[in-house]
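Student: Quick one: the structure is below, questions incoming.
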Amino acid sequence: MVVTGVAGIGKSTVARLLAERLGVPFAEGDDFHSPADIAKMSAGTPLDDADRQPWLESIGRWLHERDAAGTGAVVACSALKRGYRNTLRVACPGAFFLHLTADRELLADRLSRRTGHFMPTSLLDSQLATLEPLEPDERGAELDATPTADTVVDMAADLLLRQ
């Protein structure tokens with residue numbers, strides 16, 4: 001499973017808790033970024049598609065390895081555009097995308113309270129502008145991330161049971 005959405009939505013928290021609940025490996029998509037990409041975002045400059053491609057390919061390889069090993073996995077990865085999700089699907093065709101949503105005010109509030117992360121609040125609007133929600137032919141579901149992380153994880157686990 002790939003837990004997707006914009007910065008501040010709670011991808012990492014939900015993905016980590018869901019992986020624990022399912023007993024599968026977890027990966028933080030941010031850990032796959034190059035130092036140059038982190039420096040660029042830290043400076044308030046959004047990544048472009050060329051910056052993101054090697055990052056997405058690395059995450060795709062990680063997913064593929066877990067799929068090939070039969071362990072399952074959950075990764076937190078923004079995957080804001082369909083093309084980005086397609087890159088992950090090429091590596092792991094069975095990937096399920098859980099797209100978390102919330103209103104801009106909640107996201108800005110969460111980002112303003114977050115410490116120790118390279119993604120500044122100033123990039124939220126660029127992420128929202130880039131976002132392409134899941135389309136009907138994409139394997140996945142959308143969940144409101146407004147409730148507590150535990151509630152979102154409960155809803156995500158229920159969704160997986162119905163798949």
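Student: What nm value, rounded to one decimal, do you get for the distance between Ser42 and Asp103 when each label is placed 7 Å out toward the C-beta?
Tutor: Taking the two extended label points, one gets 3.5 nm.
Student: Still on this structure: Expected output is a single nm value to one decimal: the length gained when fully extending between Ala50 and Lys81, i.e. 0.36 nm times separation in residues minus the C-alpha distance. What is it?
Tutor: Gain on extension, Ala50 to Lys81, equals 9.8 nm.
Student: With an 8 Å Cα cut-off and a minimum separation of 6 or more residues, compute the relative contact order for the chain in percent.
Tutor: Relative contact order of the chain: 35 percent.
Student: Helix-only mean residue ellipticity at 222 nm, the chain, DSSP H runs n ≥ 4 weighted -39,500 (n - 2.57), per residue, nearest 500. What is it?
Tutor: -15500 deg cm²/dmol
Student: Given R₀ = 35 Å, FRET efficiency for Asp158-Ser34 by Cβ-Cβ distance, to 0.05?
Tutor: 0.45
Student: Taking the solvent-accessible surface of protein heavy atoms with a 1.4 Å probe, what is the per residue accessible area of the range 14-163 in Å²?
Tutor: Per residue, the range 14-163 has 51 Å² of solvent-accessible surface.
Student: I would also like to ask the following. Expressed as a whole percentage, what fraction of the accessible surface of the chain belongs to carbon and sulfur atoms when a 1.4 Å probe is rolled over the protein heavy atoms?
Tutor: Summing carbon and sulfur atoms, their accessible area is 53 percent of the total for the chain.
Student: Okay, next question. For Gly140, list long-range residues whose amide hydrogen, built 1.01 Å from N in the peptide plane, is under 5 Å from its own amide hydrogen.
Tutor: Phe97
The values are calculated or read from the model by the stated rules, or taken from the named source; none is laboratory data. Since the model is a prediction, treat every value here as computed from it, not as a measurement. Counting neighbours? That spans all protein chains shown, and the Cβs are built from the backbone with ideal geometry, glycine included. Remember, those area values only see protein heavy atoms, side chains included, never the ligands or the DNA or RNA. Shrake-Rupley method; radii C 1.70, N 1.55, O 1.52, S 1.80 Å.
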